[in-house]
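Encoded as structure tokens, the structure appears first; notes follow it.
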Amino acid sequence: MQQKPTQLDRPLTVGILALQGAYEAHAKTLQSLGVTTKLIRTPGELTALDGKPTVDGLIIPGGESTTMLKFLERNQFLDVLTTFVQHTPTFGTCAGAILLAKDVQQPAQTSLAAMDITVERNAYGRQIDSAILTAPTKLEGAPLEMVFIRAPRITRTGPHVETLATRDGFPVLVREGHLLAATFHPELSSDTRVHQLFLNLISQNLIRKNAPALAETPQAQPH
């Protein structure tokens with residue numbers, strides 16, 4: 001997969017849902033890549049009064065998806081987030097992948113229903129059964145280190161979902177348009193390629209949105 005960055009005339013600002021889970025680790029990784037981060041804890045921190053997003057993209061971290069839902073059900077936060085992810089690049093890791101999925105099973109659970117995947121919760125067992133694996137992926141470069149902690153399993157992908165990495169034949173890193181999901185924890189690895197992939201996705205989305213204004217500006221052609 002091509003990961004060459006797309007050029008913008010300003011730095012990116014990425015929000016991280018900070019209700020619960022490993023949001024600080026994501027912030028540290030993004031900051032190492034020169035990105036401005038914003039911890040998101042309320043609907044007003046995610047969107048302005050006019051409904052426009054306050055960030056260029058959002059990471060929904062790992063943690064407990066049921067606990068996150070309890071926080072999201074306050075102050076219409078779930079409704080705001082559901083609208084946000086329809087149009088703005090969002091990356092869900094572990095519990096975040098569960099929240100992005102259209103179909104959640106074992107047991108069924110409310111979600112943002114944004115990404116055309118089916119996810120089984122805690123499919124690989126208890127936290128003591130967690131694993132660190134290194135495997136080839138569609139990302140450029142060496143095999144990728146993947147840290148699994150009480151990981152969900154993606155059992156179905158829709159026709160427009162691209163699988164970028166697998167474990168035991170099941171997808172563990174998938175992309176659909178402006179959405180990215182991983183059933184592992186890239187923020188717990190020193191390898192930053194998955195976060196860089198998300199940043200490139202954000203940049204490409206911004207350039208598409210600003211295409212009319214940039215029509216007279218020559219753009220580099222992809223290789």
Any residue that is within 18 Å of PRO61 (Cβ to Cβ), touching a helix residue (DSSP H, G or I) at 6+ places or on another chain (Cβ under 7 Å) and assigned to a strand (DSSP E or B) - is there at least one of those in the range 185-205?
no
Per-region count, the range 151-176, residues part of a loop (DSSP other than H, G, I, E, B) and within 16 Å of ILE60 (Cβ to Cβ):
2
Which of the residues spanning the range 139-150 are within 19 Å of ILE98 (Cβ to Cβ) and in contact with a Lys or Arg (Cβ under 8 Å, 6 or more places away or on another chain)?
MET146, PHE148, ARG150
Residues of the range 85-109 being free of Cβ contacts under 8 Å to residues at least 60 places away in the same chain and either at positive phi or out of contact with any strand residue (DSSP E or B) (no Cβ under 6 Å at 6 or more places or on another chain) (or both), in sequence order, are GLN86, GLN106, PRO107, ALA108, GLN109
Within the range 51-85, restricting to residues that are over 24 Å from GLY177 (Cβ atoms) and acidic (Asp, Glu), the one that is farthest from the chain's Cα centre (by Cα) is GLU73
Of all residues in the range 163-200, which are more than 17 Å from GLN31 (Cβ to Cβ), surrounded by fewer than 17 Cβ atoms within 10 Å (Cβ to Cβ) and among the hydroxyl-bearing types (Ser, Thr, Tyr)?
THR163, THR166
The conditions are (1) under 23 Å from ILE16 (Cα atoms); (2) at pLDDT 95 or above; (3) over 14 Å from the mean Cα position of the chain (by Cα), and ARG121 fails exactly one of them. Which is it?
(2)
Hey, among the residues in the range 46-62 that are small (Gly, Ala, Ser) and touching a strand residue (DSSP E or B) at 6+ places or on another chain (Cβ under 9 Å), which one's surrounded by the fewest Cβ atoms within 10 Å (Cβ to Cβ)?
GLY57
Of the residues in the range 17-33, those that are modelled with pLDDT of 95 or more and small (Gly, Ala, Ser) come to ALA18, ALA25, ALA27, SER32
Considering only helices (runs of 4 or more DSSP H) wholly within the range 63-127, the ones with at least 2 residues that are surrounded by 17 or more Cβ atoms within 10 Å (Cβ to Cβ) and in contact with a Ser or Thr (Cβ under 6 Å, 6 or more places away or on another chain) are 95-100
I'm trying to understand the selection: among the residues of the range 149-162, which are buried (at least 16 other Cβ atoms within 10 Å of the Cβ) and under 17 Å from the mean Cα position of the chain (by Cα)?
ILE149, ALA151, PRO152, ARG153, ILE154, THR157, VAL161
Do you know which residues across the range 23-45 are β-branched (Val, Ile, Thr) and out of contact with any strand residue (DSSP E or B) (no Cβ under 9 Å at 6 or more places or on another chain)?
THR29, THR42
Evaluation of ALA25 against (1) more than 27 Å from LYS209 (Cα to Cα); (2) hydrophobic (A, V, I, L, M, F, W, C); (3) in contact with a Gly (Cβ under 6 Å, 6 or more places away or on another chain) (one fails), failing number
(3)
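The values are calculated or read from the model by the stated rules, or taken from the named source; none is laboratory data. Predicted model only: the values in this text are computed from it and were never measured. Cβ: placed from backbone, ideal geometry, glycine included. Neighbour counts: every protein chain shown.
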